[in-house]
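> Following this message is one structure expressed as structure tokens.
Read-outs throughout are calculated quantities, based only on the coordinates presented, and are distinct from any laboratory measurement. Computed from a predicted structure; not experimentally measured. For neighbour counting, all protein chains shown are included, and Cβ atoms are generated from backbone atoms with ideal geometry for every residue, glycine included.
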Amino acid sequence: MKRVIIGLSGGVDSSVAAYLLQEQGYEVIGLFMKNWHDDSVTISNECPWLDDSNDAMLVAEKLGIPFQTVDLSEQYKERIVDYMFQEYEKGRTPNPDVLCNREIKFDVFMDIALGLGADYVATGHYCRKGTIEKDGEEVYQLLAGVDSNKDQSYFLCQLSQEQLAKSLFPIGELTKPQVREIATKLDLVTAEKKDSQGLCFIGKVKLPDFLQQQLKPKEGVIVEVPKEQPIFNEEIPEFQSEEEKLEFLSRKLDYKVDYGKVVGKHPGAHYFTKGQRKGLGVGGTVEPLFVIDTDVDENVIYTGQGKTHPGLLKKALFVSNEELHWIRKDLALKTDETMEVMARIRYRQPLQTATLHKVDSGLYVEFEEFQSAITEGQFVAWYLKDELVGSGVIS
């Protein structure tokens, strides 16, 4: 019997995943990851991880599998929380869920599991793993989950071949309603439990509240930039090369306070992110205001009216070589090569038609349609049919 250690989170997905592994004849052990217990950050009076670890233990008892808790809060703080604050201070917007999978679940946690004699690590993600043979070698594929509403392959876009080799995703072939149905039949305590919201590590907290406890507030101005501002109507220059064109399409506009009018105040530019609409506290505009850029050095937030404001729209983005990642290394592009793909710049975004262009310094992703709020620090992931083959941090 192969031994599988499953990350039991206290949610319905991992509970059912554990049951399915048992049904497939694996020896299953449940491990709950405790990722946060810093009382200096008062988050809420609730202690979500206690409830979750309790639920995970009840599920393990019901299924008759061994269970224990591992405390990864130290590694979590170092690799995720500190990194998040550094990114926010730079005016970028990191994705803690993608990082949590790369750095914690499929690295620190996987090492612990393999140390306990596990052949595989399993999670309750809605995605699938494929295996193909290429040049006599086994190559692992990360495939979208069958339930297109819940597909979570994007969150695993930074995994490596080594990590995939040791991973199992038992619920990838199922839809969420099917998973709930199985949990109900088994009378699991998690059957009706709501999906967790908030940060992947501290439960019910909202990100701005968490940031405010770590990054000091600093009052600044909110500037509204009109659609007619000449910066949006730059004449398109003659390009000497494809790379010059891509550089132009993906460029970051340089806003100045006198490009618009001051319409309000904010508590700190580093709390805001591109495309954000809530929390600005400015009323009286014809269309809602959206953040089109933040300047953390000058502590200014630039906004524009409406979803189609030109400050929100871009057709291309750039990923530097240091932040470029291929799950399928065998498909990695060489300089001057291109690839037609489907791509997304955030979880749950419908896939968009795009072309990858490899250049010396990195990779451009050029979209067929304008994309809204391409945000530095977030991940772009690209697919061939339903296989996620690579990703990178938007720079």
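> Of all the C-alpha pairs in the range 228-340, what % are more than 21 Å from each other?
51
> Still on this model: Fewest first, what order do 326, 382 take by the number of other Cβ atoms within 10 Å? Write down the numbers at each step before the final one.
Details: 326 17, 382 25.
By the 10 Å Cβ count, ascending: 326, 382.
> Give or take rounding to whole Å, what are the principal axis extents of the alpha carbon atoms in the range 3-214, in descending order?
Per principal axis, max minus min of the Cα coordinates gives 47, 45, 35 Å.
> Shifting gears a bit: Put a dot 7 Å past each Cα toward the Cβ at residue 114 and residue 90; how far apart are the dots in nm?
2.8
> Turning to a different aspect of this structure: For the range 313-393, what does the equivalent ellipsoid look like in terms of its semi-axes, each the square root of 5 times an eigenvalue of the Cα gyration tensor, given largest first in whole Å? Spell out each step's value before the answer.
Values: eigenvalues 61, 39, 29 Å².
For the range 313-393, the ellipsoid semi-axes come out as 18, 14, 12 Å.
> In 20 Å bins starting at 0, how do the alpha-carbon pair distances of the chain split up by percent?
25, 54, 20, 1
> Give the Debye-formula value of log10 I(q)/I(0) at each listed q (0.14, 0.26 Å⁻¹), with one equal scatterer per alpha carbon of the range 271-326, two decimals each.
-0.48, -1.05
> List, in order, the whole-Hz ³J(HN,Hα) value for each residue of the range 174-185 obtained from phi through the Karplus relation with A = 6.51, B = -1.76, C = 1.60 and θ = phi - 60°; use x for Gly and Pro.
9, 9, 4, x, 5, 5, 5, 5, 4, 4, 5, 4
> Quick one: Karplus J couplings for the range 108-122, per residue in order, coefficients 6.51, -1.76, 1.60, θ = phi - 60°, nearest Hz, x for Gly and Pro?
The phi angles translate into 4, 5, 4, 4, 4, 4, 5, x, 8, x, 6, 8, 9, 10, 10 Hz.
> Using a simple charge model, +1 on the beta-carbon of Lys and Arg, -1 on the beta-carbon of Asp and Glu, nothing else, what dipole does the range 3-214 show about its Cα centre, in debye to the nearest 20? Don't jump to the answer; show the numbers that get you there.
On the way: 21 positive and 34 negative charges, 80 e Å.
The calculation lands at about 380 debye.
> Sticking with this one: Within the range 332-354, name every residue whose backbone N is under 11 Å away from a label modeled 7 Å from Cα of residue 361 along the Cβ vector.
Answer for the range 332-354: none.
> Mind giving me the FRET efficiency for residue 285 and residue 69? R0 is 45 Å, r the Cβ-Cβ distance, nearest 0.05 is fine. Write out the running numbers ahead of the final one.
Numbers: r = 49 Å, r/R0 = 1.10.
So, using R0 = 45 Å, E works out to roughly 0.35.
> Let me ask something else about it. Compute, for the chain, the length of the dipole vector about the Cα centre, with Cβ point charges of +1 (Lys, Arg) and -1 (Asp, Glu) only. Units Debye, rounded to 20. Don't skip to the end; give the middle numbers.
Values: 45 positive and 64 negative charges, 215 e Å.
Approximately 1040 debye in magnitude.
> Where the convex hull is taken over the Cα atoms of the range 77-162, what is its projected area averaged over directions, in nm²?
Details: hull surface 30.5 nm².
Average of the hull's projected areas for the range 77-162 equals 7.6 nm².
> Of 81, 67, 100, which is farthest along the charge dipole of the range 61-103 in the positive direction, counting Lys and Arg as +1 and Asp and Glu as -1 at C-beta?
Ranked along the dipole, the leading option is 100.
> Another one. Give 252/315; 150/307; 34/150; 166/329 a once-over and call out the pairs whose C-alpha atoms are over 19 Å from each other. Before the final figure, lay out each step's value.
Working: 252/315 12 Å; 150/307 25 Å; 34/150 24 Å; 166/329 17 Å.
As for pairs spanning more than 19 Å Cα to Cα, those are 150/307; 34/150.
> In addition: Can you work out ³J(HN,Hα) from phi for every residue in the range 267-283, in order, using Karplus 6.51 cos²θ - 1.76 cosθ + 1.60 and θ = phi - 60°, giving whole Hz and x for Gly and Pro?
Calculated HN-Hα couplings, in order: x, x, 4, 6, 8, 10, 9, 4, x, 5, 10, 7, x, 7, x, 10, x Hz.
> Further question: Going out from 0 in 5 Å bins, what whole percent of all Cα-Cα distances in the range 117-193 drops into each bin?
The distribution over the range 117-193 is 3, 14, 22, 21, 17, 12, 7, 2, 1, 0, given as percents.
> Moving to a separate point now. Contact order normalised by length for the range 313-393, with contacts defined as Cα pairs under 8 Å and 6 or more residues apart; what percent is it? All intermediate terms of the calculation are to be shown ahead of the outcome.
Numbers: 165 pairs, mean separation 32.2, N = 81.
RCO, the range 313-393: 40 percent.
> Place +1 on the Cβ of every Lys and Arg and -1 on the Cβ of every Asp and Glu in the chain, take the dipole about the Cα centre, and give the residue among 168, 33, 246 whose Cα lies farthest towards its positive end.
Highest projection toward the positive end goes to 33.
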